[in-house]
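The values are calculated or read from the model by the stated rules, or taken from the named source; none is laboratory data. Predicted, not measured: the structure shown is a model, and the values here were computed from it. Please note: Cβ atoms are built from the backbone with ideal geometry, for glycine as well, and neighbour counts cover all protein chains shown.
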Amino acid sequence: PYPVYRRYRESAPVHRGASGAGGPETFYVFSYDEVVRVLSSTRFGRDARVASGDADAVPVPVPAEYRALRAVVENWLVFLDPPRHTELRSLLASEFSPSVVAGLRPRIARIAHELLERLAPHRAPDLVEGFAAPFPVLVISELLGIPREHHAWLRENAVALQEASTTRSRGGTGGYPGAEAAAREFAGYFRREVRARRGDDRGDLLTLLVRARDGGAPLTVDGIVGTCVHLLTAGHETTTNFLAKAVLALRARPHLLDELRTAPELPPGTVEELLRHDPPVQAVTRWAYDDTRVGDHEVARGSRVVALLGSANRDPARFPRPDVLDVRRPADRHLGFGLGIHYCLGATLARAEAEIGLKALLNGLPWLGEGGQQVDYADDMVFHGPTRLVLTPPG
Ligand code: HEM
């Protein structure tokens, strides 16, 4: 997508999309400064009811008939506005703090090594199926306190649920029934897990959520179910895409790959620069809550604004020679984790997974940079990354 972003960015930092019949107007924001402005402003929010002024509208981007899916998604932090957003976020923040994540690192490393042990003997392993996809699900499942024997089932459902967003970007409806079924399965499962934790402190994230509710926090059982599903899915496809895209980027740069493999640790800016250069989440969407301006455009209340993180991260006004992957550049102001109140809750965890996962692949597969590759990409412009990455060893 990057040459296309560049053309748009150079012609105008904000573009008005072709408006569909009767639908909201959509504006696409390509420059770093304008994306920062939109994501930092309280004039934009996530609730379609506020934007449209119609209290009966569905607040989240799920068609009304998919009730179970709606019930789950309506409780996702990423779709909440303050004050509910602030309350839930501060409740969760302690579980994703740097000190908690530091304590998790040995468990994350163990999961990475177990997956690699199973993967390494394969002659032509699929790095997505064998590593990048299960890895983040195993990590978040451990954090939540979900027993190992349920992990495969959880992943299948998380994938089915995510199909709904892929479908949306294609403009079809094919993925919704499967996502609805997955939402029902998840709701039944997590309700049982919540009941099992009443009066039984297992020291996991689910117990924390149950206790917070019992202490009068703003959490319903639906809220707990929605939060668990959100954490599973928000950290899944993103981290999977990061790892798969990082491997492809390094295979295209053999010198860098060799340098990173032989270094005892990845240079400190490596993960940030990979996230800047090719972020797993290419775009985030907001509603305009007021009549306002974005760039040179008058944006009416109720319009949709799509902030292209992938384009902002390649804006030469912010990052000189933006198309060059340079792990030594200061890339810490990149927008790969978003910005503002919805800045990625799991960013510290994601960085740890990215660093440990990538180093494990570099060390565990000595031929990572060699041989052939077969890659399939998801048909999704928002969550962008390979669904399959088969490496065929040399010789
Ligand atoms: C939000 C990216 C991993 C949990 C976000 C947002 C982005 C993002 C761009 C902002 C969405 C918006 O503004 O609309 C990523 C990337 C990841 C990653 C690139 C991996 C490389 C994770 C992990 C977790 C997680 C591992 C937790 C398990 C969340 C949550 C939100 C969020 C809960 C919503 C925060 C809020 O609304 O306050 N992420 N994420 N993410 N992410 Fe991540």
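Brief remarks on what is shown
Quick grid of which residues meet (1) among the acidic types (Asp, Glu); (2) closer than 16 Å to Trp287 by Cβ:
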| site | (1), (2) |
| --- | --- |
| Tyr2 | no, no |
| Tyr5 | no, no |
| Glu10 | yes, no |
| Pro13 | no, no |
| Glu25 | yes, yes |
| Arg37 | no, yes |
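- Residue check for Leu80: under 15 Å from Leu208 (Cβ atoms) and out of contact with any Asp or Glu (no Cβ under 6 Å at 6 or more places or on another chain): no
- Residue satisfying condition, being modelled with pLDDT of 90 or more, basic (Lys, Arg) and either closer than 24 Å to Val101 by Cα or away from the ligand (no atom under 16 Å from the Cβ) (or both), within set Arg191, Arg170, Arg123: Arg191
- Scanning segment 318-328 for residues that are over 15 Å from Glu259 (Cβ atoms) and buried (at least 18 other Cβ atoms within 10 Å of the Cβ) returns Arg318, Phe319, Pro322.
- Count of segment 43-68 residues which are touching a Phe, Trp or Tyr at 6+ places or on another chain (Cβ under 7 Å) and assigned to a helix (DSSP H, G or I): 3
- Filtered residue count, segment 224-261, keeping only those that are closer than 23 Å to Pro147 by Cα and over 20 Å from the mean Cα position of the chain (by Cα): 0
- With respect to the conditions (1) part of a loop (DSSP other than H, G, I, E, B); (2) more than 16 Å from the ligand (Cβ to nearest atom), Thr387 falls short on a single one, namely (1).
- Of the candidates Leu115, Leu92, the single residue that is within 27 Å of Leu368 (Cα to Cα) and either in contact (Cβ under 8 Å) with a residue 24 or more places away in the chain or surrounded by 12 or more Cβ atoms within 10 Å (Cβ to Cβ) (or both) is Leu115.
- Subset of segment 1-44 that is of a type in the set (Ser, Thr, Tyr) and over 25 Å from the mean Cα position of the chain (by Cα) - its residue that is surrounded by the fewest Cβ atoms within 10 Å (Cβ to Cβ): Ser11
- Qualifying residue in segment 13-25 (condition: farther than 20 Å from Asp290 by Cβ and acidic (Asp, Glu)): no
- Hits in segment 344-384 (condition: over 30 Å from Ala307 (Cβ atoms), among the small types (Gly, Ala, Ser) and in a loop (DSSP other than H, G, I, E, B)): Gly369, Gly371
- The lone criterion from (1) of a type outside the set (Asp, Glu); (2) under 18 Å from the mean Cα position of the chain (by Cα); (3) away from the ligand (no atom under 14 Å from the Cβ) left unmet by Val72 is number (3).
- For Arg107, the conditions (1) over 30 Å from Leu361 (Cβ atoms); (2) under 22 Å from the mean Cα position of the chain (by Cα); (3) at pLDDT 90 or above are fulfilled apart from (1).
- All strands (runs of 3 or more DSSP E) inside segment 208-315 with 1 or more residues being within 16 Å of the ligand (Cβ to nearest atom) and polar (S, T, N, Q): 283-288
- Verdict on Val36 being at pLDDT 90 or above and hydrophobic (A, V, I, L, M, F, W, C): yes
- So Ser141, is it within 16 Å of the ligand (Cβ to nearest atom) and either at pLDDT below 90 or of a type in the set (Asp, Glu) (or both): no
- Among residues of segment 344-362 that are more than 7 Å from the ligand (Cβ to nearest atom), those with a Cβ under 7 angstrom from a residue that is in a helix (DSSP H, G or I) and among the aromatic types (Phe, Trp, Tyr), sequence gap 6+ or separate chain, pair up as Thr348/Phe96; Gly357/Phe135; Leu361/Phe131.
- Summed over segment 323-343, residues that are in a loop (DSSP other than H, G, I, E, B) and either near the ligand (Cβ under 7 Å from one of its atoms) or free of Cβ contacts under 8 Å to residues at least 40 places away in the same chain (or both) total 6.
- Just so you know, in segment 118-150 the residues that are under 17 Å from Gly369 (Cα atoms) and of a type in the set (A, V, I, L, M) include one that is surrounded by the most Cβ atoms within 10 Å (Cβ to Cβ), and it is Ala132.
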